[in-house]
Structures are given as structure tokens and as C-alpha cells.
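For reference, the structure discussed in these notes is given below.
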Amino acid sequence: MKQRVSFRCSECGFESPKWFGKCPQCGQWNTAVQKSTTSNRVEGTTPSIVALSELSQRLEPNRLSAGFSELDTALGGGFVPGQIVLLGGEPGVGKSTLALQICSAVSQKGLNCFYVTAEESLDQVALRARRVRCANQKTLMIASSSDVESILDELHSCHLVVFDSIQTMRSVETDGYPGGVLQVRMVAEKIIERCKVLGTTAILIAHVTKGGDIAGPKLVEHIVDTVLYFEGERNTDIKILRTMKNRFGPSGEIAIFEMTENGLKELRGFVKTDPTSQHIGNCVTCIIEGSRAFIVQLQALVSRSKVSARRVSNGYDITRLLMVMAVLSKHLKIPLEFHDVYVNVLGGLKITDTAADAAVAGAILSSFLEKSVDVAMLGEIGLDGRIKGMSRLRTRVEALRKAGYLKAAMPVSEGVNGIDVVQFKNITDITEILGVSHRDARGTVGKS
Ligand SMILES: Nc1ncnc2c1ncn2[C@@H]1O[C@H](COP(=O)(O)OP(=O)(O)OP(=O)(O)O)[C@@H](O)[C@H]1O
Ligand SMILES: [Mg+2]
């Protein structure tokens, strides 16, 4: 085998055949380490070649339930043996709690699980286990170690292993500090190599900050099978898990959880809303995320500005809010330019479905006119003020009906069963639904 000499940056892993003082990739000085390698070609390794027809006769693997039906659906039916899942999220969102509850559900079936903690003590894990009521699981082993090789040596007939977290694990086979690019990549590669052979599902927990400035977890996204992101605002108990990538099921799916005293509880299909309360400035809608419908409550507050008008949006795209407001100002001739407008999606959900536009307009008008809304609103608002239809109407209507919302305003009424439909075609119709003729709405100035 041919001997080669190259230089590698100990910070970011950049490689060059020439020595460098400053790393051209990460900009760090004096990080070049000489590396003596052999040619990549290894003699004696034979590729596995099998006819596709033979492969397709193999049985579908049994999926492993995560213990949460919404999460199983978001995964495409549960975990596949040997699946490598990256579970990312901001500090404190509930990653360890979710992983421990998944381990608990799997071990309750008598299957072996391994929970590896490299950032908490065994006592801290025990405390969480008591909190989520899984302290008596006999097939759930807890290991405290940051040495990935020694843990992988212990994984025999194990169905699920959790590494908490990938940034605190280290491999003896490379340099660099834990959490650095070199270590994160090597640790992930080692886990993938071993778990694929053993058929063990692995969950790799990763911390991701709001700025996304930790390069490590991003770097391994392409080598894992599934990427789940857990998100939620600090001030709410609602947490949302998104499948950002999935080799064994759909991506773009979400599962909604509520963080409680006893751990995470899944919320099926809708965030807590109350069909019987109709407070001013509130409007309910139904959005589609992935393949499923979710009921969400929008809130708006419109009040006279003291100096320059403020626009604040939480959970709804600010550019879209400015567009909806411009359409309202232009077509209804209401003086929104002299008002502060705040919009909030209850529960900390972030929505991208444009079918929520009508409900945003409904909530703004409800606050501006000081009239409550007694219907859910669904529809996309165009620049010409028209309200357009949306996809998956039946799914949305069914979700509204199940959540107890029996009256909805939407641009179409055909084929809608089970709820009363108030048809609206234009934003001027929204004021009429609120009991104010759109001509009267012009003269109204928000009193708040
Ligand atoms: N007794 C409790 N009642 C309600 N919520 C709790 C309780 N104890 C902890 N929590 C919630 O659990 C969250 C921490 O969960 P967890 O440790 O699983 O998060 P994490 O994402 O793993 O955090 P880290 O980034 O620190 O590892 C806290 O932010 C808090 O909201
Ligand atoms: Mg944690």
C-alpha cells in the first residue's frame, strides 16, 4: 500500500496535502497536524452483491413502537431495526425526557435498551426516571460513560440505544475535543457502523442552538437515517417534534407533546383550545402539517400606537402578516397604519400553512372591531382581497368536527359534511361574519 503524508486541522478536520499555518476552512491558527495515511484502497475487502429480486423477498422488518402513537405515525410506523436517529433540539426542550420515555416504552415489552449518559450522573437519570414513572424497568440499562468504543462493545442483543449526547461522547480513534467536528463525526460513524451490523436502533441526542452555530450535529445529518427536531418556546409547555429527514417514512410530519410534571404527554391532533370560549381577538383555524391536520388558535391584539406602529408576530410568518394587514388596510380602508398589531399562535406552534391567513385576518378584525368570532376560519388571502380554497378540505373539516368546532367560514361549501359552513369569498365578508358591515368597519377606530 502506498504511503501518503497529509495535514489535518485538529479543529475542523480540513485536510490538505500541504502544511498550512491558518486553516483555510475554520480560520484557526497552528492547528495543522501531520497525518500519515495509506492509500484508501484496502485489499481483501469484497463488496456485497445481491440480486434485487432476492432482496425483495426478504420480510419487512418489524417496527419498534416508540410508545407514542403520534410519534410512531410521524416515523412512518415506528423505528426500523438498525435505524439511526438524530434527535436535535435546544437546551432544556425535553430531549432526554423524550428519549427516556421511549426507552421505557420499549423495555416495557421486555426488549433490551441501553441509555448512555455522558452529561448527567446516574442519580440525575434516576431522578428523571422517577419523574416519568419508569424507574422499575429491568431491561433498561443506564450507562454513564463518554467512551463510545467501550459502550459499543457492550451492545449485545440490544434493541434500542440512546446516546445523550453525541457532543459529549468521544472516540479514542481521533483527536479533537468532544463536541468538535472531528469527534462528533467519528462518534457518529462508529455508532452507525456497529448498530447497522447489530440491527440496533440508535437515538443520538444533539444540542442545537437557535443560531444553529454548532456545526457538529449538522455535519452528521446526511449520514443518519432520520433527523428529528424537538422545538418549543421556553414559556410554554407545548413541544413539537418534526421529522426533518426520514429514510424509512415520510418527512415533514409533526407530533405535538405537552411537558407535564410526569414527563411528556402527546396531544393528539390539536393544541388545547376551547370551542366554547370566544374571546375578542381570538380565531381558530385548521392547518395541515405533513399528512395531518391540527387545530390552532390565533390571537391578535390591535391597539393605537403611541409613536411608530409596531408589528410583532409569534408563530406566524411576519412577512405574511404584513401582507394580510396591507390587504385589510387597502380593501377595508381601515387605519391599521396607526395601530400596533401583535399576533400570536397559541401553544408556541409555528405555522406555515397559508390556509391560516383568514383566521389571522379574523383575529385582527376581531380585536380592531372589538367583536368576538364564533366560527373557525379557513382560507388563503390573495393580494386582491379574495379568499381562496385550500388542499385537504375534508381532513380539515373532520379535525374541526372532532375538536368540537361545528361552524366554520371557508370559501367553499361543496362536499363539506358534519359542520355548518359560512361561505366567504372576500375579506370584506369577514367583517360581516363579525356582525359589522364592511362600510361601518372603515369608520371604526380601535378603542383599545
Ligand atoms: N417536575 C417538572 N414538572 C414539569 N416540567 C419539568 C419538571 N422537571 C423538568 N421539567 C421540564 O423538563 C425540561 C428539561 O427536560 P430535559 O432534561 O429532558 O431537557 P433536555 O433537552 O434534555 O435538556 P438539556 O439540553 O439540558 O440536556 C425542563 O426545561 C422543564 O421544562
Ligand atoms: Mg438532556
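The values are calculated or read from the model by the stated rules, or taken from the named source; none is laboratory data. The structure presented is a predicted model; accordingly, all values stated were derived computationally and were not measured. Heads up, the Cβs are rebuilt from the backbone with ideal geometry, glycines too, and the neighbour counts pull from every protein chain shown.
Condition check ((1) buried (at least 17 other Cβ atoms within 10 Å of the Cβ); (2) within 16 Å of ligand 2 (Cβ to nearest atom); (3) at pLDDT 95 or above; (4) assigned by TED's automatic domain parsing to the domain that holds Ala206) across all residues:
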position	(1), (2), (3), (4)
Lys109	no, no, no, yes
Ser121	no, yes, no, yes
Ala135	no, no, no, yes
Cys158	yes, no, no, yes
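What number of residues within region 166-183 are within 16 Å of ligand 1 (Cβ to nearest atom) and modelled with pLDDT of 90 or more?
Here is the first cut: in region 166-183, the residues within 16 Å of ligand 1 (Cβ to nearest atom) are 166-169, 178-179.
Next cut, modelled with pLDDT of 90 or more only: 166-169.
Within region 166-183, residues that are within 16 Å of ligand 1 (Cβ to nearest atom) and modelled with pLDDT of 90 or more number 4.
If you go through region 149-184, how many residues are under 23 Å from the mean Cα position of the chain (by Cα) and either under 19 Å from Asn112 (Cα atoms) or not in a loop (DSSP other than H, G, I, E, B) (or both)?
Here is the first cut: in region 149-184, the residues under 23 Å from the mean Cα position of the chain (by Cα) are 160-168, 179, 184.
Now narrow it down to the ones that are either under 19 Å from Asn112 (Cα atoms) or not in a loop (DSSP other than H, G, I, E, B) (or both): 160-164, 184.
Of the residues in that region, 6 qualify.
Being loosely packed, with under 15 Cβ neighbours inside 10 Å, among the acidic types (Asp, Glu), assigned to a loop (DSSP other than H, G, I, E, B) and at pLDDT below 90 is a condition met by at least one residue of region 410-429. Per the conditions (1) assigned to a loop (DSSP other than H, G, I, E, B); (2) more than 18 Å from the chain's Cα centre (by Cα); (3) away from ligand 1 (no atom under 16 Å from the Cβ), the sole criterion not satisfied by Glu54 is (1). Counting only residues that are within 6 Å of ligand 1 (Cβ to nearest atom) and either in a loop (DSSP other than H, G, I, E, B) or over 12 Å from Val162 (Cβ atoms) (or both), region 80-98 holds 5 of them.
Residues that are touching a strand residue (DSSP E or B) at 6+ places or on another chain (Cβ under 9 Å), free of Cβ contacts under 8 Å to residues at least 24 places away in the same chain and among the charged types (D, E, K, R) within region 44-83 comprise Arg63, Asp72, listed in sequence order. Remark: pairs (first residue in region 84-96, in contact (Cβ under 8 Å) with a residue 40 or more places away in the chain; second residue near ligand 1 (Cβ under 6 Å from one of its atoms) and not in a helix (DSSP H, G or I); Cβ separation under 6 Å; 6+ apart in sequence or on different chains) = Pro91/His207; Gly94/Met259; Lys95/Gly89.
Checking the structure you have, find out if any residue of region 330-339 is over 21 Å from Met410 (Cβ atoms) and either within 25 Å of the chain's Cα centre (by Cα) or among the aliphatic types (A, V, I, L, M) (or both).
Looking for residues that are over 21 Å from Met410 (Cβ atoms) and either within 25 Å of the chain's Cα centre (by Cα) or among the aliphatic types (A, V, I, L, M) (or both), one finds at least one in region 330-339, hence yes.
The one condition from (1) assigned to a loop (DSSP other than H, G, I, E, B); (2) over 13 Å from Ala355 (Cα atoms); (3) touching a residue at least 40 places away in the same chain (Cβ under 8 Å) that Ser391 does not meet is (2).
Could you tell me whether region 216-228 includes any residue that is within 24 Å of Glu193 (Cβ to Cβ), over 12 Å from the mean Cα position of the chain (by Cα), at pLDDT below 85 and surrounded by fewer than 20 Cβ atoms within 10 Å (Cβ to Cβ)? Yes, some residue in region 216-228 is within 24 Å of Glu193 (Cβ to Cβ), over 12 Å from the mean Cα position of the chain (by Cα), at pLDDT below 85 and surrounded by fewer than 20 Cβ atoms within 10 Å (Cβ to Cβ). Just to be sure, is Thr174 under 21 Å from Lys196 (Cβ atoms), surrounded by 15 or more Cβ atoms within 10 Å (Cβ to Cβ), of a type in the set (Ser, Thr, Tyr) and assigned by TED's automatic domain parsing to the domain that holds Phe68? Here the answer is yes, as Thr174 does meet what is asked.
Against the condition surrounded by 17 or more Cβ atoms within 10 Å (Cβ to Cβ) and at pLDDT 90 or above, how does Lys388 come out, does it pass?
Numbers: surrounded by 17 or more Cβ atoms within 10 Å (Cβ to Cβ): no; at pLDDT 90 or above: yes.
Considered against the rule, which asks whether it is surrounded by 17 or more Cβ atoms within 10 Å (Cβ to Cβ) and at pLDDT 90 or above, Lys388 comes out as no.
Just one of (1) crowded, with 21+ Cβ neighbours inside 10 Å; (2) not in a strand (DSSP E or B) fails for Thr46. It is (1).
Look through Val125, Val116, Val85 and report the one residue that is surrounded by fewer than 24 Cβ atoms within 10 Å (Cβ to Cβ), assigned by TED's automatic domain parsing to the domain that holds His222 and of a type in the set (Val, Ile, Thr).
Numbers: Val116 fails: surrounded by fewer than 24 Cβ atoms within 10 Å (Cβ to Cβ); Val85 fails: surrounded by fewer than 24 Cβ atoms within 10 Å (Cβ to Cβ).
Residue meeting the stated conditions: Val125.
Of the strands (runs of 3 or more DSSP E) lying entirely inside region 271-355, those containing at least 1 residues that are touching a Lys or Arg at 6+ places or on another chain (Cβ under 8 Å) and free of Cβ contacts under 8 Å to residues at least 60 places away in the same chain span 339-345.
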